[in-house]
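Engineer: After the structure tokens below, expect a handful of questions from me.
The values are calculated or read from the model by the stated rules, or taken from the named source; none is laboratory data. Quick caveat: nothing in here was measured; it's all calculated off a predicted structure. Counting neighbours? That spans all protein chains shown, and the Cβs are built from the backbone with ideal geometry, glycine included. Keep in mind that these areas ignore ligands, DNA and RNA; they rest on the heavy atoms of the full protein, side chains included. Shrake-Rupley method; radii C 1.70, N 1.55, O 1.52, S 1.80 Å.
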Amino acid sequence: MKSLLLLTILAALAVAILCYESHESMESYEISPFLNRRNANSFISPQQRWRAKAQERVRERTKPAHEINREACDDYTLCERYAMVYGYNAAYNRYFRQRRGAK
């Protein structure tokens, strides 16, 4: 009976300690982490937005070889599974480099 009482008291203390909510955790409710739609793009000027879009287009046209290889491997399920274990470079070499040499 004493052990049951002691266990109950310890459980109540554990619940009180774990469920205690300090005022520090309430700070996140004071400031809204989201912007409304009207103010969402106000911190980026139209010129900066245009420059970023142009740079993205250039990056899409001139991708590095390893990214092209990775995308090719992502489209092929067996290659993607092999890449999860051995890495994308080894997976690309296994599934696509051999095909080039077989021409």
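Engineer: Just to verify a result, which residue in region 53-78, among those that are open to solvent by 70 Å² or more (accessible area, probe 1.4 Å) and in contact with a helix residue (DSSP H, G or I) (Cβ under 9 Å, 6 or more places away or on another chain), is modelled with the lowest pLDDT?
Structural biologist: Only one residue tops the list, namely 66.
Engineer: Identify, please: which residue in region 80-99 is more than 22 Å from the chain's Cα centre (by Cα) and in contact (Cβ under 8 Å) with a residue 12 or more places away in the chain and is, among those, most open to solvent (accessible area, probe 1.4 Å)?
Structural biologist: By that ranking, first place goes to 94.
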